[in-house]
Structure formats: structure tokens, C-alpha cells
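Structure record follows, encoded as C-alpha cells.
Every number in this text was worked out from the coordinates using simple rules, so none of it is lab data. What you see is a predicted model; the values in this text were computed from it and never measured. Cβ placement follows ideal geometry from the backbone for every residue including glycine, while neighbour counts extend to all protein chains displayed.
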DNA sequence: GGGTTGATTAGATATCTGTCAATATTGACG
DNA sequence: CGTCAATATTGACAGATATCTAATCAACCC
């Protein structure tokens with residue numbers, strides 16, 4: 001449903017310091033940033049992304065928190081729905097990994113230096 | 001109290017995909033990301049940062065929104081308290097500009113590519 | 001099949017957030 | 001000093017969010 005093609009005007013991945021974000025694009029970005037706006041989720045994402053192999057199952061990471069399992073699950077779901085995390089069930093366990101293109105997209109938007117068009121790759125949303 | 005020196009281990013600006021964020025560091029980052037987690041604030045920041053001269057007064061940008069003036073003021077305050085925006089009064093007007101080092105810091109944390117130590121500059125918190 | 005372990009969903013609740021109207025503050029200008 | 005214009009602060013309130021416990025679902029093992 002949110003599968004629409006982004007405008008080819010370059011507004012997509014242009015740093016926000018370059019030109020004003022459109023209302024639409026700001027909405028999508030805000031959803032991702034909001035997902036990162038919680039210490040637990042940030043650590044969760046980091047634990048998953050930095051885990052050997054680039055992926056981790058819930059049991060691997062939930063020990064790092066003083067929270068109930070459902071709470072962890074809830075935060076993982078938020079990250080997943082924001083497109084920052086993907087997951088797959090393998091037998092009893094569910095494995096999570098970070099979505100690099102989502103991170104790259106956010107990174108490109110925040111870029112403060114006047115990097116010319118270096119991050120045009122980040123526009124490719126390979127999630128289709 | 002959150003004024004402590006960050007560990008010199010490189011954990012500060014190391015991308016979160018490299019190693020797990022510490023609890024402390026995640027807290028600080030989350031405060032910034034949370035500030036970005038609202039479409040209005042994202043656009044506000046972008047409008048300020050992309051404004052000619054890199055700064056804008058409130059009256060320049062508040063017309064872009066269908067919100068009351070106090071609401072705009074509130075969002076600007078959130079961005080300011082998160083360290084993403086700075087401001088200065090000049091006569092009747094208050095001018096805002098983006099804090100590049102804050103953006104760079106966030107960008108460095110999100111970096112997904114295995115860039116070696118390119119963003120060590122971002123560690124310099126020149127906000128003193 | 002029945003039990004065990006891992007993970008998600010549901011329901012409840014206290015807290016946080018975004019918004020507005022009203023009011024206060026700050027500085028400019030007669 | 002009084003008034004006006006631009007911002008900020010306060011107080012109130014509806015809606016969202018984080019967290020928990022209890023219940024449910026999924027897959028493995030005996």
C-alpha cells in the first residue's frame with residue numbers, strides 16, 4: 001500500500017538541509033525516526049544489526065533488557081513496521097536483521113555536508 | 001548530569017550496526033531521534049536548514065503550516081532542546097538554524113556501510 | 001498426542017505528546 | 001510611557017505510547 005513510486009525529482013534522498021521536505025515524504029521519514037526515538041528500540045536495532053552474522057533471534061537479545069518478553073516483542077514490531085527490521089521464522093526461533101537501505105535512507109536525509117549526489121543509491125528501495 | 005565524557009573506545013560515533021549501543025548513549029541519541037519523529041518537526045527543521053543563509057525566523061516558516069503559533073513554538077523548542085536547532089533573538093525576531101554537528105552525529109550512527117573511521121570528526125561536540 | 005520452550009496477541013492502565021486558546025514576555029517605535 | 005508586532009509560556013484535553021499480566025499460537029521433542 002505504501003508502495004508508491006517516489007518522485008524522480010530528487011527530493012527523495014536529498015538531504016533535508018538542501019531543500020524543504022515535502023509533507024508526504026516527511027510523514028514517511030517521521031515514522032522511521034519515531035521508531036528510533038526510544039532508547040530500547042535503538043539498542044534493540046543495534047544489538048540485532050551488530051550481532052555476528054548481522055542477525056539475531058529474540059532470545060539472543062532479550063536478555064540485555066530488564067523488560068518483559070511481550071514488551072520486547074512490541075518494540076521489535078514497531079521497528080519492523082517502520083521498515084527498519086525484517087524477520088523470518090526458523091523453527092522455534094524468529095530471526096531479525098536490520099534493513100540496510102532504510103538506514104541508508106535516513107542517513108542520506110540527515111547528511112549535513114553538501115555531498116553532491118553520492119547517496120543516490122539510497123533511493124533504490126529494493127523491498128518490492 | 002548527562003555531561004559525562006563519552007568513552008574513548010570509539011563507541012560514540014561508531015555506527016550502530018558495528019557494535020551495540022551503550023544504554024547511556026542510546027538514551028541521548030533517542031532524544032534526538034524522537035525529536036525527528038514528528039512530520040511537523042521534520043519539516044520545520046528542513047525549512048530552517050534549507051532556508052537561504054542557513055537560518056530563518058519563525059515568521060518565515062510558520063506560514064507553511066496549518067498550526068497555531070504556540071504549536072510551532074512548542075515544536076521549535078523540542079528541536080532546540082534536542083540540540084538539533086539553535087536560535088538567537090535579533091530585535092523583534094528570533095532566528096533559528098540547524099546544528100550541523102548534531103545531524104552529522106546521527107548520520108554517523110546510522111551509517112550502514114562499513115566506512116572505516118571516516119566520521120570520527122562527528123565526535124567533536126562543539127556545543128560548549 | 002502431550003509437554004516444553006519461544007514468541008506474539010489481547011486487554012488494561014499510567015504516562016507522554018500534540019494541539020489549541022489565553023496570557024505573558026520581549027523589543028521596536030512613536 | 002503606551003501601543004503594537006513577534007515569540008514564548010501556561011493550562012487543558014484528546015489521543016497515542018510503553019509497559020505489564022494473562023492468554024494464545026507455533027514448533028520442537030519424547
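Some points to look at:
- Peptide A:47-59 shows a mean partner chain C-beta count of 2 within 10 Å per residue C-beta.
- For residue B:19, the label point sits 7 Å beyond Cα toward Cβ; its separations from the matching points on the remaining copies run 4.0 nm, from shortest to longest.
- Shielding by partners, peptide A:70-77 (average Cβ within 10 angstrom, other chains): 0
- 10 Å Cβ neighbours from other chains, averaged over peptide B:19-26: 6
- Residue order, fewest to most beta carbons within 10 Å, for A:55, B:23: B:23, A:55
- Inter-copy separations for residue B:66, label at 7 Å along Cα-Cβ, nm, ascending: 4.5
- Between copies, the label points of residue B:90, set 7 Å from Cα on the Cα→Cβ line, lie 5.8 nm apart, reported in increasing order to one decimal in nanometres.
- Across q = 0.18, 0.21 Å⁻¹, region A:7-113 modelled as identical point scatterers on its alpha-carbon atoms has Debye log10 I(q)/I(0) values of -0.86, -1.06, in the order of the q list.
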